[in-house]
Each structure stands twice: as structure tokens, then as C-alpha cells.
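See below for the structure under consideration.
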Amino acid sequence: MKSPLLSLPGAVPAEGRDEGVAAHYGDLFREQRALADGTGFVDLSHRGVVTVTGDDRLSWLHLLLTQHVSDLAPHRATEALILSANGHIEHAMYLVDDGTTVWMHVEPDSQEALIAYLESMKFFYRVEVADRTGDTALVHLPAGSIAEAPDGATVRETPQGRDVFLPRAELEPFAAAHGPAAGILAYEALRVEGHRPRVGFETDHRTIPHELGWIGTAVHLQKGCYRGQETVARVHNLGKPPRRLVFLHLDGSEVHLPGHGTPVRLASDGEEGRQLGFVTTSVRHHELGPIALALVKRNVPVDAELLVGDTAAAQETVVEP
């Protein structure tokens with residue numbers, strides 16, 4: 001989905017997974033500061049939107065998701081995962097129920113695979129699953145924003161702000177009323193600052209929820225069976241995950257940010273040392289400078305100075321070893 005807001009003055013298109021919306025509108029740090037101050041909005045209209053309706057929607061989703069949603073109260077936001085049989089993360093969903101419909105947004109272009117899985121699990125349950133990406137756009141109002149969501153729009157309110165599901169035809173009028181717009185790079189900078197993982201960035205084909213700190217936020221440990229639960233319970237009760245998410249402060253003298261997959265090593269071992277992990281997301285923050293999230297082996301000392309490619313990095317613990 002290509003956003004009509006790419007026609008706004010200064011808009012520079014995003015690339016890669018976030019293609020379809022603006023990376024920024026000409027001033028990355030100004031846009032970050034606006035979001036941090038609770039003003040403006042972010043165009044997330046490239047993300048997939050899926051709805052589930054029907055009398056059994058919550059009890060049915062409860063059987064499939066890592067989150068406890070059978071008694072989810074109307075308008076209460078939550079997040080959940082779908083795991084493989086081996087406990088590896090396949091989808092992350094950001095949900096809210098409006099009293100008749102569960103609304104969720106997911107990674108761009110992942111909704112078809114998610115819907116295919118959900119459809120395969122319907123059996124005799126009274127539910128209907130729909131891809132609403134074509135007619136519904138997602139926008140984000142930051143925490144502290146006093147902007148009013150349009151009448152009739154579904155709102156998912158979290159500590160980070162409000163995710164607003166609105167008719168795609170209302171996206172341009174919304175932008176005119178709620179600007180200035182901030183690009184996806186500003187949104188990502190605040191995500192990294194908040195240590196919040198993202199599927200496809202902080203995950204690979206073998207990532208389990210414990211590695212990213214999703215236990216307790218997206219994974220409920222006291223609910224019934226779901227696909228992959230055996231791995232979740234075994235690692236929680238008997239062991240430790242093989243890797244852990246860390247937050248990195250990068251040497252600000254470097255011009256280029258390290259890309260996704262850049263090796264992480266001990267600084268004491270130098271650039272030829274053994275690889276202990278890799279960068280998942282790197283950004284430039286308006287206050288912190290260059291920062292990143294990375295996955296490293298669990299036994300990397302928490303106080304070790306690290307080397308990201310050829311860039312020095314200091315780590316902060318996100319997931320305890």
C-alpha cells in the first residue's frame with residue numbers, strides 16, 4: 001500500500017520493509033522531538049490490518065495466541081504472538097476489541113500468511129476473519145497527544161500512544177487536521193529507545209519470545225495450550241534462552257549506522273574476534289545519538305565493551321542473562 005501522504009512537502013519514501021510510507025519529511029530530529037513532546041502523528045498505513053468478528057472471536061483466539069484474551073475487556077489494548085510448533089516467533093499482533101470486533105495490526109505484507117493460518121484453524125467456531133488493509137489505514141498518535149480521534153475510529157491505547165484504525169479514505173483529512181506528520185524513522189528511533197522488539201528486525205527463523213523480553217507482555221504464562229507452548233514453558237521453568245536482546249550506545253563519531261546483521265564482538269577481541277551476535281535495528285536518536293538493538297549470546301558479560309563491525313559500543317541489559 002502506497003500512502004497518499006508521500007505527497008506531503010519534504011516526504012522521503014522509506015525503503016525495505018517499511019516501503020509505502022515516508023521515512024521522514026525533511027527533518028528527522030525535529031520529527032522525533034515532536035513525537036516525544038506528544039505532538040503530530042505517524043503514518044503507519046502500510047501495516048496490515050486484520051479483523052475477527054463473531055460470537056466466538058475471543059475464546060477462539062485464546063486457543064491460538066500466546067496471550068490471555070478470552071476475557072479481554074472492550075477497548076483494552078494487548079499484544080500477542082503466534083508461534084511455530086517449536087516455539088519460534090512467526091507473527092506479532094497488536095490487538096484491541098471494540099465490543100463486536102477484534103482489530104489487529106501486523107507487519108506489512110504479513111497479513112495474508114496470518115489470515116491463511118487463522119482460516120485453517122476455524123473448524124466449527126463462529127468467527128469470520130477479514131483482511132481490512134485495503135480499506136483501513138493505521139496512524140499513531142504519540143503519548144501525551146491531545147488530538148481527537150475521528151468519530152467511529154477504533155483506537156488502541158498504550159503507554160506509547162494511540163494506534164488509530166480509520167477508513168483509508170480519511171487518511172489525508174486526518175493528516176491535515178493532526179499534523180505535522182513524522183516519518184517512520186522517528187517512530188523507529190523511539191521504538192529502539194524503548195527497547196521494543198519488532199518481528200523481522202529483532203527476530204530470525206529461530207527466535208523464541210524469552211530472548212526479546214516478550215514474556216509477560218505478549219506471552220501469558222498461566223493460560224491454556226497453544227502451539228509452541230511446550231517450548232515456552234520448558235525454557236521458562238528449566239533453562240535460559242540461548243540469546244538475549246541488548247541495547248547499544250554506538251560511538252557517535254562514526255558517520256554510517258551499522259546495518260541489520262552487522263556482527264557484534266567483544267571489543268577486547270578486535271574485528272577478527274569471534275562473532276557473539278548481530279545488530280537488529282540501528283537508528284539516530286535526537287538525544288542519545290546513534291543507538292541500536294542487538295541479539296547476543298546469553299553468556300556475553302553484561303559489562304563487556306562491544307564492537308559492532310568496527311564501531312565501539314556500550315551495552316545496556318534488556319533481557320537478563
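The figures follow:
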| quantity | calculated |
| --- | --- |
| Residue list for the stretch 8-42, filter: open to solvent by 40 Å² or more (accessible area, probe 1.4 Å) and within 20 Å of Thr136 (Cβ to Cβ) | Arg17, Glu19 |
| Segments classed as helices (runs of 4 or more DSSP H), wholly inside the stretch 153-256, with at least 3 members that are under 30 Å from Ala267 (Cα atoms) | 184-193 |
| Subset of the stretch 65-79 (residues that are touching a strand residue (DSSP E or B) at 6+ places or on another chain (Cβ under 6 Å) and more than 16 Å from Arg47 (Cβ to Cβ)) | Leu65, Thr66, Gln67, Leu72, Pro74, Thr78 |
| Selected residue (criterion: nearest to Arg168 (Cα to Cα)) from residues of the stretch 17-40 that are of a type in the set (Gly, Ala, Ser) and either part of a loop (DSSP other than H, G, I, E, B) or modelled with pLDDT under 95 (or both) | Gly20 |
| Tally of residues being crowded, with 17+ Cβ neighbours inside 10 Å and either more than 22 Å from Leu35 (Cα to Cα) or small (Gly, Ala, Ser) (or both) across the stretch 176-199 | 6 |
| Members of the stretch 271-305 found to be open to solvent by 20 Å² or more (accessible area, probe 1.4 Å) and over 30 Å from Arg30 (Cβ atoms), listed by number | Glu271, Glu272, Arg274, Gln275, Phe278, Lys297, Arg298, Asn299, Pro301, Val302, Asp303, Glu305 |
| Filtered residue count, the stretch 84-120, keeping only those that are open to solvent by less than 20 Å² (accessible area, probe 1.4 Å), touching a His at 6+ places or on another chain (Cβ under 9 Å) and either among the hydrophobic types (A, V, I, L, M, F, W, C) or at pLDDT below 95 (or both) | 5 |
| Given (1) open to solvent by 20 Å² or more (accessible area, probe 1.4 Å); (2) over 19 Å from Glu188 (Cβ atoms); (3) not acidic (Asp, Glu), index of the condition Trp60 fails | (1) |
| Some residue of the stretch 57-65 being aliphatic (A, V, I, L, M), in a loop (DSSP other than H, G, I, E, B), under 16 Å from Gly224 (Cβ atoms) and more than 17 Å from the chain's Cα centre (by Cα) | no |
| Matching residues, the stretch 214-225, being modelled with pLDDT under 90 and either under 20 Å from the mean Cα position of the chain (by Cα) or among the charged types (D, E, K, R) (or both) | Lys223 |
| Residue among Gly252, Gly261, Gly228 that alone is on the phi > 0 side of the Ramachandran plot, under 26 Å from the mean Cα position of the chain (by Cα) and open to solvent by 30 Å² or more (accessible area, probe 1.4 Å) | Gly261 |
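The values are calculated or read from the model by the stated rules, or taken from the named source; none is laboratory data. Just so it is clear, the structure is predicted and the values come from calculations on it, not from any experiment. For neighbour counting, all protein chains shown are included, and Cβ atoms are generated from backbone atoms with ideal geometry for every residue, glycine included. Surface accessibility is based on the protein's heavy atoms, side chains included, excluding ligands, DNA and RNA. Shrake-Rupley method; radii C 1.70, N 1.55, O 1.52, S 1.80 Å.
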